[in-house]
Amino acid sequence: MKIWHLDFELDEYDNLIPVKELSIDEIQSFNGSSKKERWEPIAVKKIEDKVLSNAPGFYSHIPVFDKKTLDIVKDLIENNVEILPLRSPVGEFYVINVTEVLSGIDYDKAEFKTFRDGKRIMRFIKYEFIEDVVRGKHIFKIVDEPLRKPFVSDEFMLKVESNNLKGFKFELVWDSEN
């Protein structure tokens with residue numbers, strides 16, 4: 001089993017940004033909590049005059065997918081996310097609000113730096129997941145990093161790559177066989 005950090009190719013393709021800048025509180029509200037009941041579609045625009053990918057950049061911990069991507073991966077992610085529409089003059093795009101936040105780290109085997117209090121994790125050097133917790137979870141965050149990039153399964157990554165979806169980057173963070 002492999003787990004990947006989900007990231008986006010921001011150099012080769014154009015990115016979407018909100019027409020009205022989001023506040024820090026609005027950005028940080030994408031921390032695994034539900035937004036569906038009070039969601040008002042955010043108006044977005046392109047930054048440059050480049051081609052948009054299937055997953056245009058937005059904020060690193062807030063994925064945005066186009067309709068094509070959503071149609072392809074929806075069966076894998078629909079139970080772990082909220083699919084929230086954006087208002088865009090350049091296509092049909094959706095914020096993927098990852099609501100699956102797991103306590104799935106094996107702290108005895110993982111490597112991490114803590115803040116001075118010795119309790120809160122500042123960053124991970126090496127992830128070590130509890131396989132039974134992450135098995136079957138195709139997109140998720142962890143309790144220690146709700147405002148960081150989401151994790152995706154090998155199945156998610158392979159589905160994106162086999163369908164030639166553009167704009168995705170994947171960083172392998174854990175392989176159960178190593």
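The values are calculated or read from the model by the stated rules, or taken from the named source; none is laboratory data. In this text, all values refer to a predicted model and were calculated from it rather than measured experimentally. Don't worry about glycine lacking a Cβ; one is built from the backbone with ideal geometry, like all the others, and counts go over all protein chains shown.
Residue-level check: of (1) surrounded by 13 or more Cβ atoms within 10 Å (Cβ to Cβ); (2) within 30 Å of Ile130 (Cα to Cα); (3) without any contact (Cβ under 8 Å) to a residue 40 or more places away in the chain; (4) not small (Gly, Ala, Ser), Asp75 misses just (1).
Screening Arg123 with (1) in contact (Cβ under 8 Å) with a residue 12 or more places away in the chain; (2) in a strand (DSSP E or B); (3) closer than 22 Å to Ser176 by Cα; (4) under 19 Å from the mean Cα position of the chain (by Cα) gives one miss only, at (1). Might you let me know whether segment 27-38 holds any residue that is without any contact (Cβ under 8 Å) to a residue 12 or more places away in the chain, part of a loop (DSSP other than H, G, I, E, B) and surrounded by 13 or more Cβ atoms within 10 Å (Cβ to Cβ)? For segment 27-38, residues without any contact (Cβ under 8 Å) to a residue 12 or more places away in the chain, part of a loop (DSSP other than H, G, I, E, B) and surrounded by 13 or more Cβ atoms within 10 Å (Cβ to Cβ): present.
For His5, the conditions (1) under 13 Å from the mean Cα position of the chain (by Cα); (2) free of Cβ contacts under 8 Å to residues at least 24 places away in the same chain all hold with the exception of (2). Just give me the residues in segment 1-26 being within 27 Å of Lys159 (Cα to Cα) and assigned to a strand (DSSP E or B), in sequence order. Lys2, Ile3, Trp4, His5, Leu6, Asp7, Phe8, Asp14, Leu16, Ile17 - these are the residues of segment 1-26 that are within 27 Å of Lys159 (Cα to Cα) and assigned to a strand (DSSP E or B). The set of residues in segment 129-143 being crowded, with 18+ Cβ neighbours inside 10 Å and either modelled with pLDDT under 95 or over 20 Å from Ser34 (Cβ atoms) (or both) consists of Phe129, Val134. Residues in segment 126-170 that are touching an Asp or Glu at 6+ places or on another chain (Cβ under 6 Å) and assigned to a strand (DSSP E or B): how many? Qualifying residue count for the region: 3. What do you reckon, is Lys159 touching a helix residue (DSSP H, G or I) at 6+ places or on another chain (Cβ under 8 Å), of a type outside the set (S, T, N, Q) and surrounded by 12 or more Cβ atoms within 10 Å (Cβ to Cβ)? In short, yes. Close contacts from segment 144-156, counting a first residue that is under 12 Å from Val98 (Cβ atoms) and buried (at least 22 other Cβ atoms within 10 Å of the Cβ) and a second that is at pLDDT below 95 and of a type in the set (Lys, Arg), with Cβ to Cβ under 9 Å and a gap of 6+ residues or different chains, come to none at all.
Within segment 50-57, is even one residue over 22 Å from Ser162 (Cβ atoms) and modelled with pLDDT under 95?
Looking for residues that are over 22 Å from Ser162 (Cβ atoms) and modelled with pLDDT under 95, one finds at least one in segment 50-57, hence yes.
Which one is farthest from Phe168 (Cα to Cα) among residues in segment 39-65 that are loosely packed, with under 15 Cβ neighbours inside 10 Å and among the basic types (Lys, Arg)? Filtering segment 39-65 for residues that are loosely packed, with under 15 Cβ neighbours inside 10 Å and among the basic types (Lys, Arg), the one farthest from Phe168 (Cα to Cα) comes out as Lys45. Do the conditions hold for Val101, that is, is it surrounded by 18 or more Cβ atoms within 10 Å (Cβ to Cβ), closer than 26 Å to Asp11 by Cβ, β-branched (Val, Ile, Thr) and touching a residue at least 40 places away in the same chain (Cβ under 8 Å)? No: the conditions fail for Val101.
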